[in-house]
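The values are calculated or read from the model by the stated rules, or taken from the named source; none is laboratory data. Worth saying up front: this structure is predicted, and the values here are computed from it rather than measured. Here the Cβ positions follow ideal geometry from the backbone for every residue, glycine too, while neighbour counts run over all protein chains shown.
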Amino acid sequence: MGYFEEFKCKKCGYNFEARLGTGFFHSEVKKEITNAALKGTLGKKFQKFFKENPDAHISFENVVAKCTECGKYATIRKVTTESPIFSRTYYTSKEGVQTVVKKYLVVKYPNKCEHCGGTMKFVDAEEHLICPDCKIEMEAVRFGMWD
């Protein structure tokens, strides 16, 4: 289940609503992602990965992204794929600890800023969002759930 969060600047009023997480339409979105990958819409690296790993695990979530040009925020889809080829398990003798090292291919949809056409970059979940106009921290309020 996903959730809605509003980010608002108390000084100038700039705000945006984010639709974050995942919902019940996960299987439909997986098909959409796979089809886009195989067509090459998500780039050659992703297309090659899916042709070589048709049963790859796909996970995705809606996350906040920031435009590298104008600094405005938007919700975009972050896609992660995993294949056994990319995962390795190592065993160490020290206290019988098992270490799993996984390599992921992470690709975002080719999102462009709706305001200026700039490139969108993922924002770390713990990062406080800064108003692109006033340069002060924005207030975040969670206000609902979505499926």
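Values for this structure:
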item: Residue within segment 69-88 that is assigned to a strand (DSSP E or B), more than 21 Å from Q47 (Cα to Cα) and at pLDDT below 75 present; result: yes
item: Top-ranked residue in segment 48-70 [being of a type outside the set (A, V, I, L, M, F, W, C) and crowded, with 17+ Cβ neighbours inside 10 Å; ranked as farthest from the chain's Cα centre (by Cα)]; result: K66
item: Counted residues, segment 119-147 - those being among the charged types (D, E, K, R) and either in contact (Cβ under 8 Å) with a residue 24 or more places away in the chain or in contact with a Leu (Cβ under 9 Å, 6 or more places away or on another chain) (or both); result: 6
item: Given (1) closer than 30 Å to I130 by Cβ; (2) part of a strand (DSSP E or B); (3) modelled with pLDDT under 85, index of the condition L42 fails; result: (2)
item: Residues (touching a residue at least 60 places away in the same chain (Cβ under 8 Å) and closer than 18 Å to E126 by Cβ) located in segment 7-20; result: F7
